[in-house]
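The values are calculated or read from the model by the stated rules, or taken from the named source; none is laboratory data. Everything quoted here is computed from the prediction, not taken from an experiment. Note: ideal-geometry Cβ built from the backbone for every residue, glycine included; neighbour counts use all protein chains shown. Note: accessible area is taken over every heavy atom of the protein model, side chains too, but ligands, DNA and RNA are not part of it. Shrake-Rupley method; radii C 1.70, N 1.55, O 1.52, S 1.80 Å.
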Amino acid sequence: MLNLEQLTPRKIVEHLDVYIVGQAQAKKAIAVALRNRYRRSRLPEHLRDEVVPKNILMIGPTGVGKTEIARRIAKLTGAPFVKVEATKFTEVGYVGRDVESMVRDLVEAAIRTVKQEKMEEVREKAEKLANDAIVNILVPSRKQQHSFKNPLEMLFGGQQQQTQTSDAEDASLEQQRRQVAWQLANGHLEDQMIEIDVEDQSPSMFDLFQVPGTEQMGMQMQDMLGNLLPKRTKKRKLRIKDARKVLIQQEAQKLVDMDEVTQESIYRAENHGIIFIDEIDKIAGKDGRGPDVSREGVQRDILPIVEGSTVMTKYGPVKTDHILFIAAGAFHMAKPSDLIPELQGRFPIRVELTSLRAEDFVRILTEPKNALLKQYSALLETEGVRVEFTPEAIQEIARLAAEVNQSTDNIGARRLHTMLEKLLEDLSFEAPDIHLDVVQITPEYVRDKLGSIAGNKDLSQYIL
Ligand SMILES: Nc1ncnc2c1ncn2[C@@H]1O[C@H](COP(=O)(O)OP(=O)(O)OP(=O)(O)O)[C@@H](O)[C@H]1O
């Protein structure tokens, strides 16, 4: 993660180029939108609130990199990110206010990241406390031993008993504890089993008696009562090495100041958050018949959020004025001008992403840092099989992918996933048993595995 000052638009595009092939226009637009956020943050306060972020409308068929660009940008800047499908809000049973869930989800995403960061900060301390806790379980201190005693005995006989305990016993116990701590620190006890208290994740009373559709209510109840009711725990027997992980997590949770996490998360969601609204084209245009919620109605529900309003979340109110919204859609049937005018005005930056052709597929297969061929090769290499794709084989895969996209549905680069899965199916199955060093994938191999399916429209609709 880089800081925003270093992220010039050129640098952002360079970064996106590492993962995404082509789509220069979209990369440029998003880089500028991001830089403008940084510029805004440097303005004097009275001006800052006047500058609203310019939202982006990405127009392009499915599977060409729209989500990927947005997601990469969020990752690069550490911005909270959520993706929602606009059509979700047209489903039967949804009501107007449900669109606010996108902001709630954004805050949740921010909370998860910030909490993780803060827990990382206290990790060393938590680890020490976890190790102390393990020593306490293995050799309880005198104080703990007493607390296990019968309360009546404690009341009537305990005091006397304690004074009678000899110093020698104390010293020996301390010695034992030190020894165990040393063994623990040197990894001698890792496989020993111990019993610890863990949080009980089984359904609670609220989950069991929940009527469908009242989840939100249940959650709020749980939040309200969360601080009053004791946490439910249960005992679990674990190896020390596994128990330590659980205990570190528990200790870190206790050390992290949740108020601080909440404040920071809301700040990040409000000022850096990115909400990606996919399939916006499906809620544009005239309303069809049927039981679905009116599409224009959904646009009107989304509008105040995009225009800037305050949404109540369980962490507190969140202002949406400076959240960056990226809407995307194929716009095959509807046009951007079919959206209600107010919403059109809120997405002034329009970028078109182009359909992917065979040449692009060749590059997508090989160039990105996480390119699909690299992923498959790495997976098979764990079995001792090195797969080599000849350049001609890669071209053949790309050609067939483009062909199937044309003869059936054009699902863009997603086609490559299904094609490769089929292509390498047998090899993946046999890899642990074949004792070959190198397997070369040639164009003949590709044609043999995929040719007949790709040539048959009905078959490829099911398999590729
Ligand atoms: N130009 C590209 N370069 C590299 N990979 C790509 C490109 N386009 C798509 N992909 C890959 O294809 C898959 C689908 O892409 P993505 O999720 O961005 O689709 P999309 O355009 O957002 O479509 P949809 O609107 O249907 O979600 C991802 O795994 C992505 O990495």
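For the peptides 12-19, 376-383, 24-31, the ranking by packing is 24-31, 12-19, 376-383, with the highest mean count of neighbouring Cβ atoms within 10 Å listed first.
Contact order, relative form, for the chain: 24 percent (alpha carbon pairs under 8 Å, 6 or more residues apart, mean separation divided by residue count).
Principal semi-axes of the equivalent ellipsoid, √(5λ) from the alpha carbon gyration tensor of the chain, are 50, 34, 22 Å from largest down. Segment 1-111 has equivalent-ellipsoid semi-axes of 26, 21, 13 Å, by the square roots of 5 times the alpha carbon gyration tensor eigenvalues, sorted largest first. Let me know the whole percent of all Cα-Cα pairs from segment 336-464 that are separated by more than 22 Å. It works out to 44 percent of all Cα pairs. Expressed to the nearest 5 percent, the antiparallel share of DSSP beta bridges inside the chain is 35 percent.
Rolling a 1.4 Å probe over the protein heavy atoms leaves TYR315 with an accessible area of roughly 60 Å².
For GLN25 and LYS235, the FRET efficiency from 1/(1 + (r/R0)^6), where r spans their Cβ atoms and R0 equals 41 Å, is about 0.10. Per residue, segment 394-449 exposes 54 Å² of accessible surface when a 1.4 Å probe is rolled over the protein heavy atoms with every protein chain present. Each residue, GLN263 and LYS143, gets one label point 7 Å from its Cα in the Cβ direction; the gap between the two is 3.1 nm.
Full-extension gain between ARG112 and LYS422, please, as 0.36 nm times their residue separation minus the C-alpha to C-alpha distance.
So the chain would gain 108.0 nm between ARG112 and LYS422.
Here the accessible area is traced with a 1.4 Å probe on the protein chains. For the chain, carbon and sulfur cover 51 percent of it. Ranked by the mean number of other Cβ atoms within 10 Å of their residues, highest first, the peptides 77-89, 41-53 come out as 77-89, 41-53.
For a modelled paramagnetic label at GLU5, 7 Å from Cα along Cα-to-Cβ, the residues of segment 21-43 in reach, with backbone nitrogen under 18 Å, are 35-43. Amide H contacts of GLU352 (H built 1.01 Å from N, in plane; Pro and chain starts excluded): ILE59 sit under 5 Å, all sequence-distant by 5 or more or on other chains. Given a cut-off of 16 Å, what percent of all Cα-Cα pairs of segment 369-421 lie beyond it? More than 16 Å apart: 47 percent of the Cα pairs in segment 369-421.
Tell me, what is the percent relative contact order of segment 227-374, built from C-alpha pairs under 8 Å that lie six or more residues apart? In percent, rounded to a whole number, it is 23.
Note on segment 406-464: semi-axes of the ellipsoid equivalent to its C-alpha gyration tensor, largest first and rounded to whole Å, are 25, 12, 10.
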